Amino acid sequence: MPPAAENETNGTPRGWRRDIGPFLTMGMELAIAVVGMFFLGRWADAQWGIAPWGMFVGLGIGVTGGFIRFFRRAVELGNRSTADDKERNAH
């Protein structure tokens, strides 16, 4: 059994899975925000006959919100990584 699989504490995996997992989900969150708001805008176009403005507004909101979330999460993970590095070097 690989060492990373053996090192589990309170159900939280250690090793590369713990380190890379949040970065993989960031891309999915961005894609879901953009695609979801795009289709919500298309639905609004069909409901109210405002094509293509609902699609453009939905796409703009999805891109803006997705990138804001993406960059905030990237900064948070960078700060956490820096703090972990400092803690490892202190021991």
(request) Set the Förster radius R0 to 30 Å, insert the Cβ-Cβ distance between Phe56 and Met28 as r into 1/(1 + (r/R0)^6), and round the FRET efficiency to 0.05. (result) 0.80
(message) Could you work out how much longer the chain between Trp16 and Gln47 gets when fully extended? Use 0.36 nm per residue separation minus the Cα distance between them, nm to one decimal.
(response) 6.5 nm
(request) Fewest Cβ neighbours within 10 Å first, please rank Met55, Met28 accordingly. (result) Met28, Met55
(message) As an exercise, use a Förster radius of 35 Å and the Cβ-Cβ distance of Phe39 and Ala74 to find the FRET efficiency, rounded to the nearest 0.05.
(response) 0.85
(request) Could you work out how far apart the two model spin labels at Val63 and Ala90 are, taking each label as a point 7 Å from the Cα in the direction of the beta carbon, and quote it in nm? (result) 4.3
(message) Need one number: the % of Cα-Cα pairs in region 26-81 sitting beyond the 19 Å mark.
(response) 37
(message) About the Cα centre, and with charges only on the beta carbon of Lys, Arg (+1) and Asp, Glu (-1), how big is the dipole of region 26-81? Nearest 20 debye, please.
(response) 180
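Read the figures in this text as sums done on the coordinates, not as results from a lab. Quick caveat: nothing in here was measured; it's all calculated off a predicted structure. When we count neighbours, we look across all protein chains shown, and the Cβ atoms used for this are built from the backbone with ideal geometry, even at glycine.
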